[in-house]
Amino acid sequence: MALYAATIFVSAFLLFLQVTAAVLNVLPVPGLDGFGIIEPYLPRSWLMRAARVAPYAILILFALLWIPVINQGFFTVIIDIVTFLGVPTGLIGSGYQLFRFWLG
């Protein structure tokens, strides 16, 4: 029974990670798929500027996620999506603890 519970917890945490990756990927940031979706509709001048920023855009995005207000808003959206998919947030926390098995 303990193995079954652990599998549920870890699966919930892995779903949380997958949703996080998917949401990050669809953001309209140069270099990510979300930008590729809107790219055909942007003026050429914007594309030229985006091409210059693209190598640093993902770093800027991750730096923005260090700002507590942005981080909290982003992960609120992620938790809302995972909850909408039917996964209780408590399972995610338990899966996170199991995922960090080396801490005991």
Quiz prompt | For I67: the one exception among (1) surrounded by 13 or more Cβ atoms within 10 Å (Cβ to Cβ); (2) modelled with pLDDT of 95 or more; (3) more than 13 Å from the chain's Cα centre (by Cα) | solution = (1)
Quiz item: If a residue has to be open to solvent by 100 Å² or more (accessible area, probe 1.4 Å) and of a type in the set (D, E, K, R) to count, how many in the stretch 27-49 make the cut?
Solution: 2
Exercise. Could you tell me which residue of the stretch 6-26 is farthest from I79 (Cα to Cα), considering only residues that are open to solvent by less than 60 Å² (accessible area, probe 1.4 Å) and without any contact (Cβ under 8 Å) to a residue 12 or more places away in the chain?
Key: N25
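The values are calculated or read from the model by the stated rules, or taken from the named source; none is laboratory data. Nothing here was measured: the structure is a model prediction, and the numbers come from that model. With ideal geometry, Cβ positions are generated from the backbone for all residues, glycine too; neighbour counts draw on all protein chains shown. The area values use the complete protein model at the heavy-atom level, side chains included, leaving out ligands, DNA and RNA. Shrake-Rupley method; radii C 1.70, N 1.55, O 1.52, S 1.80 Å.
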